[in-house]
Each structure stands twice: as structure tokens, then as C-alpha cells.
Amino acid sequence: MNQSVIVIFMIIWVGLSAGSILLFQRGDNASLKEKWWPRYTIFSNAIIAGFLVYLQPPLFILLPLLALMIPLTWMTINSTRFCHHCGKVTRNPFFMKRATQCSHCQKSFS
């Protein structure tokens, strides 16, 4: 395995993490966060999938991992909400159900 590719992946991963903190954890523009959250999530998971493919694990491991990423990406996007009152992110720990109120200011999302 080429070590420079791993270094490049780690640099991209740190950049995505820093971007996530700056865009989604700070600021109060919930509309902007709602617009970019699905794009960011899909892009970051595509980077992970690309790295998995690069690692070339056996197909019986790779295919289930890639297939599992699709519903996990959808559940992550679906379960994350942004409060228009305080601008904070709220995630329901149970992916199947969306949060009904902000976990920070307790205002309703309706």
C-alpha cells in the first residue's frame, strides 16, 4: 500500500473535520447548514468509500461495507436537524426518528 495515499486521505479527512466544525457546529445560520449538510455528508462518505475501495479488501467484506454506507448516510442526513432559533445542530440518537425539539434551546422544530 502506498503510504502517500494514506497521508493524502488523512489530510482530506482533517480538512473535512475542520470544515464540519466551522460550518455546522458554529454560527447560527440554520438555512445554510440545512442546505449544505446533505452535500457534505454524501461527499465525506464518498471519500470514505473511495478509501475502502483503494484498500482492496476481499469482495465479501467490501460489498457489504459499501452497501451499509448507503442507509447510514441517509439516516444521518434524515436524523440531523438545525434549530432556526439558536442555530445549533440536534441529532436524535435513534436514527429512525427525527428530533421534535432542539436539544439546546428546547424550542419545537414545527
Task: Potential lengthening between Leu52 and Lys107 on full extension [0.36 nm per residue; Cα-Cα distance subtracted] - done: 15.8 nm
TODO: Note the angle between two axes, namely the Cα long axis of helix 3-20 and the longest principal axis of the Cα atoms of the chain, as a number of degrees from 0 to 90, rounded to the nearest 10.
DONE: 0
Open item on the list: Between helix 59-79 and the chain, what is the angle of the helix's C-alpha long axis to the longest principal axis, kept within 0 to 90° and rounded to the nearest 10?
Closed with: 10
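For Ile77 and Arg98, compute 0.36 nm times the residue count separating them, minus their Cα-Cα distance, and round to one decimal in nm.
6.6 nm
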Task: Correct choice for Cα extents along the principal axes in Å that was computed from the model, options (i) 142, 46, 15; (ii) 49, 27, 18; (iii) 32, 28, 23 - done: (ii)
Open item on the list: Could you tell me how far the Cα centroid of region 33-70 sits from the Cα centroid of region 71-98, in Å?
Closed with: 19
Open item on the list: Could you order the peptides 74-86, 42-54 from most to least packed, using the average number of other C-beta atoms within 10 Å per residue?
Closed with: 74-86, 42-54
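At a 1.4 Å probe radius, which order do Ile11, Ile21 fall into by accessible area, largest first? Present the calculation step by step, with values, prior to reporting the outcome.
Details: Ile11 115, Ile21 90 Å².
Of Ile11, Ile21, the descending order of accessible area is Ile11, Ile21.
Could you work out the relative contact order of the chain? I mean the mean sequence separation of Cα pairs under 8 Å and 6+ apart, divided by the number of residues, in percent.
With pairs under 8 Å counted, the relative contact order is 23 percent.
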Task: Computed [θ] at 222 nm, deg cm²/dmol, the chain (DSSP H ≥ 4; -39,500 (n - 2.57); rounded to nearest 500) - done: -20500 deg cm²/dmol
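The values are calculated or read from the model by the stated rules, or taken from the named source; none is laboratory data. On a predicted model such as this, the values are computed, not experimentally measured, just so you know. Note: ideal-geometry Cβ built from the backbone for every residue, glycine included; neighbour counts use all protein chains shown. Quick note on the areas: whole protein, heavy atoms, side chains included, nothing else; ligands and nucleic acids left out. Shrake-Rupley method; radii C 1.70, N 1.55, O 1.52, S 1.80 Å.
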